[in-house]
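In what follows, a structure is listed as structure tokens, so that the remarks can point back to it.
FYI, it's all coordinate maths here, none of it is from the lab. What you see is a predicted model; the values in this text were computed from it and never measured. Don't worry about glycine lacking a Cβ; one is built from the backbone with ideal geometry, like all the others, and counts go over all protein chains shown.
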Amino acid sequence: MAPSSTAATAQTSSMDPIFHILKIVPYSFLTPPRLRLKLPSFSLPSPMTVFALILLTYFMVVSGIVYDVIVEPPGIGSTQDPVTGSVRPVVFLPGRVNGQYIIEGLSSGFMFVLGGVGIILMDLALEKNRAKTVKVFSIH
Amino acid sequence: MAGPPEQAPAPGLRYAFGSVLSFFILLLIGVFAFSIRLFSVIKYESVIHEFDPYFNYRVTQFLTKNGIYDFWNWFDDRTWYPLGRVIGGTVYPGLTLTAGTIWWLLNSLNIPLSVETVCVFTAPIFSAFAAWATYLLTKEVKGAGAGLTAAALLAMVPSYISRSVAGSYDNEAVAIFALIFTFYLYIKTLNTGSLFYATLNAIAYFYMVCSWGGYTFIINLIPMHALLCIVTGRYSSRLYVAYAPLVVLGTLLAALVPVVGFNAVMTSEHFASFLVFIIIHVVALVDYIKGSLSPKMFKVAVTLVVSVGLAVCFAVVAVLVALVASSPTMGWSGRSLSLLDPTYASKYIPIIASVSEHQPPTWPSYFMDINVLAFLVPAGIIACFLPLSDASSFVVLYIVTSVYFSGVMVRLMLVLAPAACIMSGIALSEAFDVFTRSIKFQLPGLSGNSEVNAGDGSSSTVVAQNDAAKTDKREDTLKDRPSRKNKKKEKEKEHVEKAPVKSKVKRLLVLPLEASVVALLLIVLLGAFYVVHCVWAAAEAYSAPSIVLTSHSHDGLHVFDDFREAYAWLSHNTDVDDKVASWWDYGYQTTAMANRTVIVDNNTWNNTHIATVGTAMSSPEKAAWEIFNSLDVKYVLVVFGGLVGYPSDDINKFLWMVRIGGGVFPHIKEPDYLRDGQYRIDSQATPTMLNCLMYKLSYYRFVETDGKAFDRVRRTEIGKKYFKLTHFDEVFTTHHWMVRIYKLRPPKNRIRGKTKKPKSKGSSTTSSKRGGTRKKNPWH
């Protein structure tokens, strides 16, 4: 909220009122210690980072992660084969639209994102600044 | 759509043709949006669906009969007996006022449509308007092509159809149109900086506040976007004009709506807008001062302002914290809090957790409701990033927030639907652009024109330096494109030979021809699958009116009209002032169709009252009779699906009666009704369960139907088959035993056995002796 200047130019022109107060109160008669601190600079993330975060959020939500957290279904279902007695896994929760297993949700979310990313790759293939190999990879 | 400026009449003709074509397309989209929602009217009849729309219908009837002043001041005593409900202050009036206005307008033109018809068809009409609003919004973000695609997608998206089908007369039918229109006006103001659109934006926001509780989404999303613009360095005077008038005018207008009232300035849901209001003023001031001061003076001024600002900020934050901390939910309403913390509702408010619409969605819900759009959304997000403008950053923020909220509650998929349509419209439009451009510039007949047209803003790039190297690279890339057939290689070699001759300077960014044709066909096929799914969803999944049920059996179609049968019986065979008790799901329908006073209804505003009814249903007969008698109840209505296999009956809802009742009255303990953690009604059921009122009222004389009392929903024979009712009389059971109505027996005149007073044994003889000489106190 308060944009304060770095330590180097702090002496002459700081915009920070607390710095001015500190200059007067203890540090007019005490010598300030020599510190080699640098204020962290705040830079906006690149668009690609933001997009990756958005895509990750989309993947998690569309996989039904909130349902998984609240209802806590099993990771994968299982049935018992009536003849042999062996336990076989069941991937899709049968019979209901409003229920899922965790792995089923994650794989379907992955499919959704894959479809979208495919269209993105097609668009990336047209960009002129990519390396040749990346373009070939994208077209393939 | 941008024509080349080479010849004067050709671009004018192209423009004219383009706008006429887009006008007709929009008209067709509107007609399509209207007609796809008419399936239930065709399959069943023009009837109001579900539960909530019956309340809205009753309110609209009152409005059309009594006028608007009586509507504002209406106190409804036919519901929540004996508490009543202030309708004027607890109802979002937008929907009823809209339908009432339409009815009044039509009637003044002497078109005598009944109120019911107007109510049934309000939703399809407003969905056509919503599709047009989506066109306008997407046109502001990306252009007319994307706008038309987005409008076409919104006209059929199943999530929106589910809440706006003909007969679903609920707030969302109008509110989604208001939402999209408000966003359109905000973006328009942002793009043009005009105060006219800012005022229209405030008025559209007012309409949204009137219509739906979801208006808090707008008043939190727009400040978030304004903050995002400021942080990413996109502050401009247009942003100020778009944001500040909205907050001031919008809050004032929102406070005019009686439901909102002072909540518009006191609840936490609105604080974000005020905070960003302050921030944007600070930024505007800094911007202004920076331009008129020298750098040193500027720093001094900023120091002064920051120190004053810090002091003021501490004071304001202290006040806010005191205000917010004084309420147990920190100022947020229960529903909003359950959005931010999905586990909140199940822990503290079982009623909110019990509504099936408030469950989190699973991935099949996504595929069912937005279908193919789920794939296209990420592509649309990227298309919004290249290039990033104010409007496209808004749409990205909209989709991210709505995806999160839809992940928490199924009901909010409705807010995701317009965002998904906009994104997918942008993605599809860009994809079509790329493919048709690839085809257009590579078709053999047209390659002669390709060079001339390539200079006019399509995807070619002008390479200024080092043409030879660049053309070499282009030749390489053209050759490297996957060409498994020899024909393709030859064609590319032709292009490579032709191209360096014709356009050394310009380079086309195109995909191979066959690939683009195939891809174009595949995208059209994708759209076809989407349309097929939407029409199927509209026809089969979302058109059920819930008041009439059908089932297909080997001898044709069976229609179960039991609900209306029961309400009609009630309305014809009971007194006007008789009170009917049932579970809260049926309250609205009972008041609207049977015209009788109910104890609890779907508004669920009083948890204790609902818990009282739930306790009565879970108690044995005598205790239940006492509770109902104290509420002046005459009739009890129970829904039972065991004979026909209707799964949403009261026995399946019984666990909520126990939980909600047990939450308020501790003598109802849930483990008393559970055997091995499950509610059972067969021979393994607990004795408490077999004795409770709900069991008895549902299964009374059930054994007479098939001799074995087999419950088709629970798929088992019931535990106690032969029993008599001691405090209730059965007065009506519908044709398929789906609704059963019981009457409370009047209290007995004589009480057998000991009376209540323990000292009456001794004093009865003495008082009879002294009866004449001593005045009896009538209150003892």
At R0 = 22 Å, FRET efficiency that the Cβ-Cβ distance of B:Asp341 and B:Val664 yields, to 0.05: 0.45
Rough spin-label spacing in nm, given labels placed 7 Å along Cα→Cβ, for B:Ser571 and A:Leu22: 7.6
Chymotrypsin sites (Phe, Trp or Tyr not before Pro) within the stretch B:238-278, DSSP loop, no more than 15 other Cβ atoms inside 10 Å: B:Phe262
In sequence order, calculated HN-Hα J values of the stretch B:643-652 (Karplus, 6.51, -1.76, 1.60; Hz; x Gly/Pro): 6, 10, x, 8, x, 9, 9, 6, 5, 5
Among beta bridges that DSSP assigns inside the stretch B:558-744, antiparallel share in %, nearest 5: 75
Fully extended contour minus Cα-Cα distance, from B:Glu45 to B:Leu388, at 0.36 nm per residue: 118.6 nm
Under Karplus coefficients 6.51, -1.76 and 1.60, residue-wise ³J(HN,Hα) of the stretch B:556-573 in Hz, glycine/proline x: x, 9, 9, 10, 10, 10, 5, 4, 5, 4, 5, 5, 5, 4, 4, 6, 8, 10
Amide H within-cut-off set for B:Thr716, under 5 Å, with H built and near neighbours excluded: B:Asp711
Long-range amide H partners of B:Thr550 with built H, under 5 Å: B:Phe560
C-alpha center-to-center spacing [the stretch B:274-291, the stretch B:144-216] in angstrom: 29
Between the stretch A:32-49 and the stretch B:249-273, the alpha-carbon center distance in angstrom: 39
Ranked packing of B:735-742, A:71-78, most packed first, by mean Cβ within 10 Å: B:735-742, A:71-78
Local electrostatic count, A:Gly99, Cβ distance below 15 Å [Lys/Arg +1, Asp/Glu -1]: -2
Rounded, prolate or oblate (a/c below 1.5 giving rounded, otherwise prolate when a/b exceeds b/c) for the stretch B:535-664 by Cα gyration tensor: prolate
Shielding by other protein chains, A:70-77, mean Cβ within 10 Å: 2
Hz values of 3J(HN,Hα) by residue in the stretch B:696-713 - Karplus curve (6.51, -1.76, 1.60), Gly and Pro given as x: 5, 5, 6, 9, 4, 6, 5, 5, 6, 6, 10, x, 10, 6, 8, 8, 6, 7
Shielding score for A:96-103, defined as the mean number of other chain Cβ atoms within 10 Å: 4
GluC sites (Glu not before Pro) lying in DSSP loop within the stretch B:85-177, provided at most 11 other Cβ fall within 10 Å: none
Charge dipole magnitude, Cβ of K and R +1, D and E -1 - the stretch B:558-744, Cα centre, debye nearest 20: 460
Tensor-based shape of the stretch B:186-331 (alpha-carbon gyration tensor, a/c under 1.5 rounded, otherwise prolate or oblate): oblate
Long pairs among B:Lys579/B:Lys653; B:Lys579/B:Lys720; B:Lys669/B:Lys720, criterion Cα-Cα beyond 26 Å: B:Lys579/B:Lys720
Angstrom value of the Kirkwood radius, inverse mean 1/r, which spans all Cα pairs in the stretch B:219-299: 13.8
Other protein chain Cβ atoms within 10 Å, averaged over every residue that makes up A:50-62: 5
